[in-house]
Amino acid sequence: MSFAGYENHIGNSLRELRESGLFRQIPPVDHGADKFLLLDGKPLLNLASNNYLGLAGHPALKAGAVSAVEKYGASSGASRLISGNFALADELETEAAAFKDTEAALFFGAGFAANVAVMSALADRQTVVFADRLNHASIIDGVRLSGARHVRYAHNDLSALAALMEKHASATRKLVVTDTVFSMDGDLADLRGLADLCDRHDALLVVDEAHATGVMGPGLAHVQGVADRVDVHMSTFSKGLGSSGAFVAANRQIIDFLRNRARPFIFSTFPPPAVIGANLAALRLVRETPDMGKRVLALGDQARTRLRKMGLDTGESATPIIPVMIGDSEHALAARDALMRQGVYVGAVRPPTVPQGTARLRISLRADLTDNDMETLYAALTGLHEEVL
């Protein structure tokens, strides 16, 4: 590196990350979506993946991917607006729209790209975006790219949001955006309350259903009975649906607008056929078995009860995502390592992913866990409480 200023900046930044326990490395993990992953060749019960329904290895998804490759090959070849389209992709979007009870849908290569696309296309300098403080980073980055005024409200605090919307009542355009299941806390948004505020203030309502789709059928908006009052639904295939990519579902006008204005869609090579084939198979599985998520939701209820009896703080979790609040990053890493010694792998989540002072273990349950698997988790956490906390 020829410029000393950059050498000093990068070196100092890396040293600060290491000293504060925030330096990140890719773990030497193999089979990272399976129920048992391999860490340095050692099998560990995998409670870090977002493969909530255990579909990543499902025979139907594998067959869908293989069939698509055999018919279309390994690449889409271009941006979809140029020549990167194929009939299977159109079929996926038609079925995704039906799944969400909307007029149309648009597929993206990743949930991050989908959120950036939605926010940067639908918001501009004439827009005020009201966003939950714990929304995913992709939403935050999309708002930044849009140039909109970004007004963040206290997490799940509808009174605070109402006051902010009153303050900005004269804005040309208003948009409220929220995760429905918050990825690091496992708690739920009040979508009915948000929809009421949007109706009162003539604001667009955008929801990110990434961690609800599949686990809660089409998503939390359907569970709470307000799907028809949500203007834009974003869902991923990479979590409960066990594959990859994301889709946005809305009325036809909004989807037409995104197709013409969403830069991550326009300027990206379309994902490969294998992904589309697997996604279509996953979507059909969940549509045919709408109660598929009941098992993992029940496991979440059971686990929270057991963990709280142990004296562990699981926050406001109401889903298969269960945080165990630790506090500082070093203790969170020590707790993660202690669980690995007991044969259980969970994520240690640290700032800036979560606010300062709220480092935690993030337990991510899955529908294919047995009663014995759950007892393994409880035994490991009992030992953890004695050893680390």
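The values are calculated or read from the model by the stated rules, or taken from the named source; none is laboratory data. In this text the structure is predicted, and so the values were computed from the model without any measurement. Heads up, the Cβs are rebuilt from the backbone with ideal geometry, glycines too, and the neighbour counts pull from every protein chain shown. The area values use the complete protein model at the heavy-atom level, side chains included, leaving out ligands, DNA and RNA. Shrake-Rupley method; radii C 1.70, N 1.55, O 1.52, S 1.80 Å.
List, in the order given, every pair from Lys167/Lys239; Lys35/Lys100; Lys71/Lys100; Lys100/Lys167 whose Cα-Cα distance in the structure shown is over 31 Å. Walk me through the numbers before you get to the answer.
Numbers: Lys167/Lys239 37 Å; Lys35/Lys100 29 Å; Lys71/Lys100 28 Å; Lys100/Lys167 33 Å.
Listed pairs above 31 Å: Lys167/Lys239; Lys100/Lys167.
What is the set of long-range amide H partners of Gly214 at a cut-off below 5 Å, with H atoms built 1.01 Å from backbone N?
Gly219
Over 5 Å intervals from 0, what percent of Cα-Cα pairs in region 165-314 sits in each interval?
Histogram of Cα-Cα distances, whole percents per bin: 2, 8, 14, 18, 18, 16, 11, 7, 5, 2, 0.
Across region 95-100, in residue order, what do the Karplus-derived ³J(HN,Hα) couplings come to in whole Hz, using 6.51 cos²θ - 1.76 cosθ + 1.60 with θ = phi - 60° and x for Gly and Pro?
6, 5, 5, 5, 4, 8
Would you mind working out the accessible area per residue for region 168-274, using a 1.4 Å probe, and quoting it in Å²?
Result: 35 Å² per residue.
Need one number: convex hull volume per residue for region 185-236, Cα atoms only, in Å³.
Roughly 71 Å³ of hull volume per residue.
Quick one: plug the Kirkwood hydrodynamic radius of the chain (C-alpha pairs) into Stokes-Einstein at 37 °C, 0.692 mPa s, and report D in µm²/s.
Once the numbers are plugged in, D ends up at 149 µm²/s.
How do 355-366, 293-304, 5-16 rank on mean C-beta neighbours within 10 Å, highest first?
Averaged packing, sorted descending, gives the order 355-366, 293-304, 5-16.
Once phi is turned into ³J(HN,Hα) by the Karplus curve 6.51 cos²θ - 1.76 cosθ + 1.60 with θ = phi - 60°, what whole-Hz value does each residue of region 286-292 show in order, with x for glycine and proline?
6, 5, 6, 10, x, 8, 4
Principal axis lengths of region 252-381 from Cα atoms, whole Å, largest first?
Largest to smallest, the principal-axis extents are 52, 37, 26 Å.
Quick one: work out Rg over Rh on the C-alpha atoms of region 137-221, Rh as Kirkwood radius.
0.96
On the accessible surface of the chain, probed at 1.4 Å, how many percent belong to carbon and sulfur atoms?
Ligands and nucleic acids excluded, carbon and sulfur give 51 percent.
Using unit Cβ charges (K, R positive; D, E negative) and no other charged atoms, how large, in debye to the nearest 20, is the dipole of the chain about its Cα centre?
With Lys and Arg at +1 and Asp and Glu at -1, about 520 debye.
For region 346-351, just list the computed ³J(HN,Hα) in residue order, Karplus coefficients 6.51, -1.76 and 1.60, θ = phi - 60°, integers in Hz, with x standing in for Gly and Pro.
Per residue, the Karplus-derived 3J(HN,Hα) values read 10, x, 9, 9, 10, x Hz.
Given the Cα-Cα distance of Arg261 and Asp90 and 0.36 nm per residue of separation, how much length would full extension add, in nm?
Gain in length upon complete extension: 59.7 nm.
Ranked highest first by the average count of other Cβ atoms within 10 Å around their residues, in what order do 48-60, 149-161 fall?
My ranking of the peptides, most packed first, is 48-60, 149-161.
Could you pull out every residue, at least 5 positions away or on a different chain, whose amide H is within less than 5 Å of the one on Leu204? Hs are placed 1.01 Å off N in the peptide plane, and Pro or chain starts have none.
Long-range HN contacts for Leu204: Lys174, Leu175, Val176.
What order do you get for 233-241, 28-36 when each peptide is scored by the mean count of other beta carbon atoms within 10 Å, highest first? Walk me through the numbers before you get to the answer.
Numbers: 233-241: 28.1, 28-36: 14.4.
So the order, starting with the most tightly packed, is 233-241, 28-36.
What full-extension length gain, to one decimal in nm, is calculated for Arg287 and Arg229 as 0.36 nm per residue of separation minus the Cα-Cα distance?
Stretched out fully, the Arg287 to Arg229 stretch lengthens by 18.7 nm.
What translational diffusion coefficient, in µm²/s and rounded to a whole number, does the Stokes-Einstein relation yield for region 47-133 at 4 °C and a viscosity of 1.567 mPa s, taking the hydrodynamic radius as the Kirkwood radius over Cα pairs?
In µm²/s, the coefficient rounds to 80.
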